[in-house]
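The structure appears right after this line, and notes come after that.
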Amino acid sequence: MNDRDTRHQQAMQKLKAHVDGKVAAATEQRGLLLVFTGNGKGKTTAAWGTVTRALGYGYRVGVVQFIKGMWECGERERLVEDPNLEVAIMATGFTWDTQNREADTAACRKVWVEAERMLADPEVYLVVLDELTYMLKFGYLDIETVKRAIENRPPEQTVIITGRNAHRELTAMADTVTEMQEVRHAFNAGVQARRGIDY
Ligand code: ATP
Ligand code: MG
């Protein structure tokens, strides 16, 4: 072994000891709260990726879509046939341009009832609250209501919240917070959102 190989082997041994130590220290088993936020692309994609993971082991999953419901969504098309997946969509045509606060609030509260039911059901292993952050931002839902439902959920249940500008109380509560950072986005160069890639 030359010097470089020896140094590499020593570094790898050190790394292994470090990782083994961390693995040994992680003994707690419980459901998690994950927040995927930031301006970069990938928040909803990551949530659906995790949904696929959970379904892959036969767990029950609930997804609540708080804005994009009326929009197409490839993952939903593909996974909705799985009997372990339930999807609740904010109906009544919520869009950015309804400009109707009362109607939007009502639509939000209606689908939140479904979210609360999922968050109270110990049979549901994973609950995704996609784009929930905007509901808090617009004041359609209040943070205390959301916090209470999340805090009182079954201990084995994991929750994923997606959306930009996550409320600071949500990130404070979360076990895992990932901020997607936009380095560049094609949209800003005038490229249209692409079917099967962006939705
Ligand atoms: P995705 O659904 O692709 O994972 P996302 O959930 O992180 O994206 P949202 O803020 O929910 O992003 O945006 C929804 C739509 O806008 C998607 O079609 C997404 O590809 C696109 N998008 C995401 N980030 C940006 C951005 N920085 N600029 C323009 N469009 C974006
Ligand atoms: Mg999204």
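Taking segment 20-52 as the range and being more than 13 Å from the chain's Cα centre (by Cα) and more than 16 Å from ligand 2 (Cβ to nearest atom) as the test, the residues that pass are D20, G21, K22, V23, A24, A25, A26, T27, E28, Q29, R30, G31. Just one residue in the set G21, G31, G42, G49 is out of contact with any Gly (no Cβ under 8 Å at 6 or more places or on another chain) and within 8 Å of ligand 1 (Cβ to nearest atom); that residue is G42. The combined condition, being without any contact (Cβ under 8 Å) to a residue 24 or more places away in the chain and basic (K, R), is fulfilled by R4. The strands (runs of 3 or more DSSP E) located wholly in segment 99-199 that include 1 or more residues which are more than 17 Å from V35 (Cβ to Cβ) and away from ligand 1 (no atom under 12 Å from the Cβ) occupy 124-130. Sub-7 Å Cβ pairs linking a first residue in segment 107-134 that is without any contact (Cβ under 8 Å) to a residue 40 or more places away in the chain and away from ligand 2 (no atom under 16 Å from the Cβ) to a second residue that is among the hydroxyl-bearing types (S, T, Y) and assigned to a loop (DSSP other than H, G, I, E, B), at least 6 apart or interchain, are A107/T92, ordered by first then second residue. Is one or more of the residues making up segment 81-94 surrounded by 15 or more Cβ atoms within 10 Å (Cβ to Cβ), within 16 Å of ligand 1 (Cβ to nearest atom) and at pLDDT 90 or above? Yes, some residue in segment 81-94 is surrounded by 15 or more Cβ atoms within 10 Å (Cβ to Cβ), within 16 Å of ligand 1 (Cβ to nearest atom) and at pLDDT 90 or above.
Residues that are acidic (D, E) and closer than 24 Å to G42 by Cβ were ranked within segment 113-134; the one that is farthest from the chain's Cα centre (by Cα) is E131.
The values are calculated or read from the model by the stated rules, or taken from the named source; none is laboratory data. Note that the structure is predicted; figures quoted are calculated from it, not measured. Virtual Cβ from ideal backbone geometry, glycine too; neighbours counted across all protein chains shown.
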